[in-house]
1. Provide the FRET efficiency to the nearest 0.05 for the D167-R143 pair, computing r from the beta carbons and using R0 = 25 Å.
2. If I model a spin label as a point 7 Å beyond the Cα along the Cα-Cβ vector, how far apart are those points for H225 and A195 in nm?
3. Calculated FRET efficiency, S55 and E115, Cβ-Cβ r, R0 41 Å, to nearest 0.05?
4. Quickly work out the E361-to-V298 label distance, labels modelled 7 Å from Cα along the C-beta direction, and quote it in nm with one decimal.
5. Compute the relative contact order of the range 245-404 as a whole-number percentage, counting only Cα pairs closer than 8 Å that sit 6 or more residues apart in sequence.
6. Rounded to the nearest 20 Debye, what is the dipole magnitude of the chain about its Cα centre when Lys and Arg each give +1 and Asp and Glu each give -1 at the C-beta?
7. Considering the Cα positions of the range 95-246, please state its Rg to one decimal place and its Dmax as a whole number of Å.
8. Please state the Cα pair-distance histogram of the range 252-404 with 10 angstrom bins from zero: what percent is in each bin?
Amino acid sequence: MLDPSPARTVARATGAARQSTVRESNLGLALATICAAPSPPSRATVAAEAGITRSTASRLVDELVGSGLVDEGVARLAGPGRPATPLLPAARVCALGLQVNAAHVAVRMINLRGEVLAESRSEPDLVGSHPDEGLQLLAGHVRRVLDQGPAGARLLGAGLALPGVVDAAGTRLLKAPNLGWTEVDPRAGLAPVLAGIPLSVANEANLAAHAFAQPTPGRRSAHAHFVYLSGEIGIGGAVVTDHQVQEGSHGFAGEIGHVTYLPGGDPCPCGSSGCLERYAGRLAMTTRAGLPPSTTLVELGRLARHGHEGSSRALALAAEALGVVLSGAINLLDLPTVVLGGEIGDLAEDLAPVLTQTLQERVMASPWMTIQVTRDRDDVAGATGAALRQLSQVVQNPSAYVAA
């Protein structure tokens, strides 16, 4: 018999929606527990860690295994009772991470365990290049990585890290001063090689910071709150609080390389002058040191340690500029850690003495807090973060992929 009551119809729909929401939430909780575990957990461990019943945990894990998001290891006897089957994030569920900077291009395939399965990279000079040049080069690296990847890999998405301002929708690069690119939609140029794999675009420093805060999908690092600097020819930046990158209302937050260090100072490609990157970027430092533009920061640091006066002066000025600008960020945001990534990370030990002293002098709360300066050793952290952010969406909402 039909029930004509609208109230009962709404009640039934609401109840079904609630059940679906609870299932989706628990499914995400189960996968997040497996991904975050320091060693492969059993179904019983997932139940205990997630705070759900064993029968619910078993049913959810069966769904995740059946959908290919979780792998089962070899059952082992850990005590009285039935052998426990260890659970691992799926090895063949992957994402692509792409990165274009002024001096290098990289592509990585990373799986749900955080393992790099294939990669390809090169070090071209893309300063002032046409976007088609960089995207064609990037497409070649994508092809190589797809050819190298394991048979049967399930690619769920791709992310592209670019050194500039990206729109909030994650579709267009608005401006990359050092590349010379403006208003570029990379998806059209990469669509043929990605062959239907969805692509999102984001700022390179934001993605590198994501990888430092969450080094594998669903697992957090020891650093919860920090300011991240990605230093190449220019300087990119990101702010992280509680392991999450803060992108701002338009997605433009973190452009610390274009915070003014010296008003009226050296002109910057961004259109302003005296920006931090004109004193702490690689090209700025090598120029001040009187060295060829191709000189790496590793080489500049070595020359400074061996008494090269120009290199020593360039390093000292870079450290002071970093200290002045970073102290403002720390005073404003109360961030206890500075992470130096990219090429500037190679100079972490050389910069640390002056940088640390400047921070201690300029951060008002320095007598009561410890400010740590550390480095990110991943030299293509933007590509890593681009893939990891795609995979983190799987952990956050596995039901979309279970249904698929």
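1. The value I calculate is 0.40.
2. Modelled inter-label distance: 4.8 nm.
3. The pair S55/E115 has a calculated efficiency of 0.80.
4. Distance between the two pseudo-spin positions: 3.2 nm.
5. Dividing the mean separation by the residue count of the range 245-404 yields 17 percent.
6. Charge dipole of the chain: 1420 debye, to the nearest 20.
7. Using the Cα atoms of the range 95-246, the pair Rg, Dmax is 15.0, 40 Å.
8. Spelled out per bin, shortest first, that is 10, 33, 33, 15, 7, 2, 0.
Each value in this text was obtained by applying a stated rule to the coordinates, not by laboratory testing. The structure displayed is predicted, hence computed values, not measured ones. Note that each Cβ is placed from the backbone with ideal geometry, even for glycine, and that neighbours are counted across all protein chains shown.
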